[in-house]
1. Which ones in segment 203-239 are closer than 30 Å to Leu45 by Cβ and touching an Asp or Glu at 6+ places or on another chain (Cβ under 9 Å)?
2. Report yes if Phe244 is modelled with pLDDT under 95 and aromatic (Phe, Trp, Tyr), otherwise no.
3. When you scan segment 251-270, how many residues do you find that are part of a loop (DSSP other than H, G, I, E, B) and among the polar types (S, T, N, Q)?
4. Checking Gly111 against (1) of a type in the set (Gly, Ala, Ser); (2) surrounded by 15 or more Cβ atoms within 10 Å (Cβ to Cβ); (3) modelled with pLDDT of 95 or more, which test does it fail?
5. Can you find a residue in segment 172-194 that is touching a residue at least 12 places away in the same chain (Cβ under 8 Å), more than 30 Å from Asp388 (Cα to Cα) and part of a helix (DSSP H, G or I)?
6. Which ones in segment 222-240 are surrounded by 14 or more Cβ atoms within 10 Å (Cβ to Cβ) and either aliphatic (A, V, I, L, M) or more than 29 Å from Thr254 (Cβ to Cβ) (or both)?
7. Of all residues in segment 328-374 being polar (S, T, N, Q) and not in a loop (DSSP other than H, G, I, E, B), which is surrounded by the most Cβ atoms within 10 Å (Cβ to Cβ)?
Amino acid sequence: MVFASTPEFVDLAGGLDFTPLRTTRNANTGVAQNTVQDAESARRLAEFLDATRRGAVPALLAQTTHRRADVLAAPEEVLADLAALHERLRPDWYLVDQLNYAVTLALHTLGLPFASFCPGHPTYLVTRDDQFFGLPQLWPSAVAPGDLAELREATRLTDLRFTELFADFVARHAPDRPAPRRAFALTSPHAAVLNYPRFPWLPPLPREPELVFLGHCTEPDRLDDDRLARVRDRRVVLVALGTFLSARDDVLRTAVTGALAVPDVLVVVAAGARVEALADLAAHPRVLLEAEVPQRALLPHVAAIVHHGGNNTFTEALEAGVPALVLPFSSDQFCVAHDAERSGAGVVLDPNTLTAPLVETALRGLLAVGATPRLRTLRDEVRAAGPDRGAAVLAGTMDRALAPRGT
């Protein structure tokens, strides 16, 4: 097996062979504000963060506007690189990130067999004609988005723009290949892997391809001795807002202040690039503040987590059976927050109307109840799925799909 990605992610290859393949202008590894980006990407990140302060719809509008302007990063180069890679390695099939549209388009254009991996909410697999990528199909009760007409029109225009470009690209490079009916609906015809539980209330998903729900992608990880000594026998609240949103130090500050109002709680904070801005909080004896924390290793020692509704953090918390306070800002986080609320995995608050007393009340409730029977059942179901089972199902699906007829 070969892992192909940008050089910044070589450490993720594990025991796999690695080959470099650059498919985007950005390389957000770890903390977004600390990565090397061109001036335009840095400007858009600043615009996005400013939009999150104005609420859900402004944040989503900024994202779809940037997406439409950015479109695809060097698709001809990606096509040429993939063709060369295939000629050199001759893989039986590929597994590609659903959100890496340049690679998906190249694989479709070359007619190469692939499975899709959906790293976000399952609704990223666009199905119905009234669904648009970037327009959430689910909302938590704490976030009132208001009139969605402007966002619906903006996401529709982005959908049209991408679809036109996809069709033109295929027509120029492989006129015998079918043009995708909709760009954001271009998914493997064989299998789509979802890093998510199979909740019964999910909106309609594609009838094809076969859907493989992993539940989670967490691997066992051990906390180092120093950190273990600091959190052992403590009631730990982890505050982590993810790669981009750790830049919202106003929300981090409010969350930490509210958590400290709960007696005897140790607050561990992943502050990203905002460590200096929150240095006064780090002086508190019940605060451990770092740029990055080993989240997967820490979660088994955590009593509650405050997070942004990112897919990885949500599913990692589910696997650990840790109740959550979810503060969604953008993207699919509103859908994830809805599912956390509905499944009993946590409670949701609007990050832009957040106050320390609201955080305190929410955390007191989560800590008083702990892992409820409902959450423990969900934890067990998520663990029973898991990446090992999902990989076996995916391999079997692709073997059957690509086997010569009659065998």
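The values are calculated or read from the model by the stated rules, or taken from the named source; none is laboratory data. Quick caveat: nothing in here was measured; it's all calculated off a predicted structure. Virtual Cβ from ideal backbone geometry, glycine too; neighbours counted across all protein chains shown.
1. Residues satisfying the conditions are His216, Cys217, Thr218.
2. When the stated conditions are applied, Phe244 passes them.
3. So in segment 251-270, the residues part of a loop (DSSP other than H, G, I, E, B) come out as 261-264.
Next, only the ones that are among the polar types (S, T, N, Q) stay: none.
Going through segment 251-270 one residue at a time, the tally reaches 0.
4. (2)
5. Step one: of segment 172-194, the residues touching a residue at least 12 places away in the same chain (Cβ under 8 Å) are 173-174, 177, 179-194.
Next cut, more than 30 Å from Asp388 (Cα to Cα) only: 173-174, 177, 179-183.
Now restrict to residues that are part of a helix (DSSP H, G or I): 173, 183.
The answer is yes; a qualifying residue exists.
6. Leu223, Val231, Val236, Val237, Leu238, Val239, Ala240 - these are the residues of segment 222-240 that are surrounded by 14 or more Cβ atoms within 10 Å (Cβ to Cβ) and either aliphatic (A, V, I, L, M) or more than 29 Å from Thr254 (Cβ to Cβ) (or both).
7. In the first step, residues of segment 328-374 are kept if they are polar (S, T, N, Q); the result is 330-331, 333, 343, 352-353, 355, 361, 372.
Next, from what is left, pick out any that are not in a loop (DSSP other than H, G, I, E, B): 333, 343, 352-353, 361.
On the way: Gln333: 31, Ser343: 17, Asn352: 18, Thr353: 10, Thr361: 16.
Top of the filtered list is Gln333.
For every residue, the table says whether it meets (1) more than 21 Å from Pro145 (Cβ to Cβ); (2) in the same structural domain as Pro122 (by TED's automatic domain parsing); (3) modelled with pLDDT of 95 or more; (4) among the hydroxyl-bearing types (Ser, Thr, Tyr).
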{"residue": "Gly344", "(1), (2), (3), (4)": "yes, no, yes, no"}
{"residue": "Val348", "(1), (2), (3), (4)": "no, no, yes, no"}
{"residue": "Leu354", "(1), (2), (3), (4)": "no, no, yes, no"}
{"residue": "Leu367", "(1), (2), (3), (4)": "yes, no, yes, no"}
{"residue": "Arg379", "(1), (2), (3), (4)": "yes, no, yes, no"}
{"residue": "Val393", "(1), (2), (3), (4)": "yes, yes, yes, no"}
